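What follows is a set of notes on a single structure, which appears directly below.
The values are calculated or read from the model by the stated rules, or taken from the named source; none is laboratory data. These numbers come from a predicted model, not from an experiment. Cβ coordinates were reconstructed from backbone atoms using ideal geometry, including for glycine residues, and neighbour counts include every protein chain displayed. Surface areas here come from the heavy atoms of the whole protein model, side chains and all, with no ligands, DNA or RNA. Shrake-Rupley method; radii C 1.70, N 1.55, O 1.52, S 1.80 Å.
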Amino acid sequence: MSELRIEGLRARVAGREILQGIDLVVRSGEVHAVMGPNGSGKSTLSHVLMGKPGYEVVAGSVSLDDTDLLALPAWRRAQAGLFLAQQYPTEVPGVGLLDLLEEAFRASGRDASEVPALVRSEAARIGFGEQLLERAVNVDLSGGEKKRSETLQLGVLRPRFAILDELDSGLDVDALRACARRVESATTEFDLGVLAITHYSRLLNELRPDVVHVLARGRIQATGGPELAAELERTGYAAYGETDQEDPSGRRGPAGNGDPFADPLA
């Protein structure tokens with residue numbers, strides 16, 4: 001049983017504090033959904049957890065079992081067992097998907113010769129065309145294909161915890177079902193713990209959460225079971241306070257979340 005523990009996490013970017021005290025504990029095999037209005041800090045949370053540059057942690061801790069993640073660069077956090085499925089997956093020209101995964105295996109002391117068979121198996125499970133396996137990472141892929149590629153990588157690498165930053169963004173119904181069901185199955189196949197960040201409950205119809213959290217104004221405002229997601233679908237986030245502020249980039253309204261790296265709709 002592994003545990004991803006976030007305690008009192010506060011973080012700022014461009015001089016503005018976005019996360020104002022986050023407390024969460026995710027254990028092996030659990031699915032925790034983080035939902036919230038635009039500009040609430042959801043994408044900031046994923047970036048801070050994974051160690052993206054540009055963020056200043058001003059208080060709190062993040063640990064994976066006995067490992068202090070905040071003391072590590074992003075690549076060491078990945079080796080410790082943390083995986084981020086990005087809202088907008090990065091294109092990496094010149095680096096093949098197989099090459100990337102083989103190098104990840106070598107870096108963690110695993111047998112890289114296993115990668116091709118694992119990749120083909122995962123591709124078949126999620127409907128990721130074999131012809132796409134020869135492409136450079138995410139290059140010339142549609143939005144849905146990029147999300148399937150991220151899910152394939154998760155299945156091959158088998159991390160201990162996965163952060164899904166709006167996995168459902170840009171997916172059609174079939175792709176959403178394929179990706180969400182693969183992640184759901186991973187919670188039992190290799191005890192994957194999941195922190196799923198999303199606006200909407202449609203992802204959670206396939207990826208069944210054990211716990212749902214509402215993040216608003218930089219804090220967890222409510223926690224409950226799957227029924228909380230259904231309630232949010234009916235009532236929206238008005239009760240938790242919509243974000244409507246100017247961010248350092250000069251935008252206003254729900255898109256202005258103070259995070260220059262984030263999706264303007266996150």
### Task
Note down the net charge around A175, summing +1 for each Lys or Arg and -1 for each Asp or Glu among other residues with Cβ under 15 Å from its Cβ.
-1
### Message
Modelling each spin label as a point 7 Å along the Cα-to-Cβ direction, I'd like the A239/V58 distance in nm, to one decimal.
### Response
3.0 nm
### Query
What list of ³J(HN,Hα) values in whole Hz, one per residue of the range 138-144 in order, does the Karplus curve 6.51 cos²θ - 1.76 cosθ + 1.60 (θ = phi - 60°) give from phi, with Gly and Pro shown as x?
6, 6, 6, 9, 6, x, x
### Task
Add +1 for every Lys or Arg and -1 for every Asp or Glu among the other residues with Cβ under 9 Å from the Cβ of L154, and state the total.
0
## Note on the structure
Quick note, the range 130-209: a/c under 1.5 would make it rounded; otherwise a/b > b/c is prolate and the rest oblate (a ≥ b ≥ c, C-alpha gyration tensor); here it is oblate
### Summary
Counting only protein heavy atoms with a 1.4 Å probe and every protein chain in place, the carbon and sulfur fraction of the accessible surface of the chain in whole percent equals 47 percent
### Query
Applying the Karplus parametrisation 6.51 cos²θ - 1.76 cosθ + 1.60 with θ = phi - 60° to the phi angles of the range 73-88, what ³J(HN,Hα) value in whole Hz is obtained for each residue in order, glycine and proline being reported as x?
x, 4, 5, 6, 5, 5, 5, 6, x, 9, 10, 10, 8, 6, 5, 10
### Message
With a 1.4 Å probe and all protein chains left in place, how much accessible area per residue does the chain have, in Å²?
### Response
43 Å²
### Query
Of the residues L171, L82, L152, which exhibits the maximal mean-square fluctuation in a Gaussian network model of the chain defined by a 10 Å Cα contact cut-off?
L171
